[in-house]
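Each remark here refers to the structure printed beneath this line.
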Amino acid sequence: MSVTVTTYDWLMVRWEPNARGRLEQAALELYVERGFDQTTVAEIARRAGLTERTFFRHFTDKREVLFDGAGQLQELLVNAVADAPDAVAPIDAVAAALQAAGTLFDQRRALVRQRRTVIAANPELQERELIKLAALSAAIADTLRKRGVKDPAASLTAEAGIAVFKIGFERWITDPRQQDFGHFVRESLGELKAVTAGS
């Protein structure tokens, strides 16, 4: 009696190791080389060695490649602010959250730099980045309110935190010594506190 063994080679063909990461890397390379507007989804997929269909399984459009991590960043910041000890001043809770989020940036420094280059060259993407930062500020302010911080203090603290983030980010991204992101958050917060204290 013979037994037929069925193999499922089609499963192996459909499996794409690290497809999302490959698509992200290919997109950023092409955006830097050719420009965001001049790059097509087909070219991104081809560069990654994948299909357009695979691209759309991971991203809704080519802008999402640049803004995909916004939800993860917001969740990390909100959770870190919410979990800060009660005795911590609101601005210090926000700064600690920014430092915690900095590990994401430190781990992906090269990709973050490419992303910044692409966004800086495109006004539409710059607008989307500002919307993302406004959403982060609103989420942080809401979390501070849940911690008992009244308005306008909650909103002012969140906006100040985003200002610290932006200044720290610009310093971090251009730093030739490649110090960690948290260093620049602490430095920028120290300067903000000095200014508001009248030093």
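Any read-out appearing in this document is the output of simple, stated calculations on the displayed coordinates, not a laboratory observation. What you see is a predicted model, and the numbers here were worked out from it, not measured in a lab. For neighbour counting, all protein chains shown are included, and Cβ atoms are generated from backbone atoms with ideal geometry for every residue, glycine included.
Quick notes on this structure:
- The value obtained for the chain, namely the Cα convex hull volume divided by the number of residues, is 179 Å³ per residue.
- Average Cα contact separation per residue, the chain, under 8 Å, 6 or more apart, as relative contact order %: 20
- For the range 33-46, Karplus couplings with θ = phi - 60° (6.51, -1.76, 1.60), whole Hz, Gly/Pro x: 5, 10, x, 4, 5, 7, 9, 9, 4, 4, 5, 4, 4, 4
- Counted by neighbouring Cβ atoms within 10 Å, the residues VAL94, VAL88, VAL118 run from fewest to most as VAL88, VAL118, VAL94.
- Note that the range 105-119 has calculated 3J(HN,Hα) couplings of 5, 4, 6, 10, 3, 5, 5, 5, 5, 4, 4, 4, 4, 5, 5 Hz, one per residue in order, obtained from phi through the Karplus relation 6.51 cos²θ - 1.76 cosθ + 1.60 (θ = phi - 60°); glycine and proline are x.
- Computed [θ] at 222 nm, deg cm²/dmol, the chain (DSSP H ≥ 4; -39,500 (n - 2.57); rounded to nearest 500): -23500 deg cm²/dmol
- Spacing of the modelled spin labels on ALA42 and ALA163, each 7 Å from Cα toward Cβ, amounts to 4.9 nm.
- Listed residues ASN122, ASN18, ASN79, most fluctuating in the chain (Gaussian network, C-alpha, under 10 Å): ASN18
- With 10 Å bins beginning at zero, the pair-distance distribution over Cα atoms of the range 9-65 amounts to 25, 56, 15, 3 %.
- Fewest-first ranking of THR157, THR174, using other Cβ atoms within 10 Å as the exposure measure: THR174, THR157
- Most mobile of GLY182, GLY161, GLY49 in a GNM of the chain (Cα contacts under 10 Å): GLY49
- Under a Gaussian network description of the chain, with springs only between Cα atoms under 10 Å, the residue in PHE56, PHE181, PHE36 that fluctuates furthest is PHE56.
- Look at THR196, THR51 and count the other Cβ atoms within 10 Å of each Cβ; fewest to most, that gives THR196, THR51.
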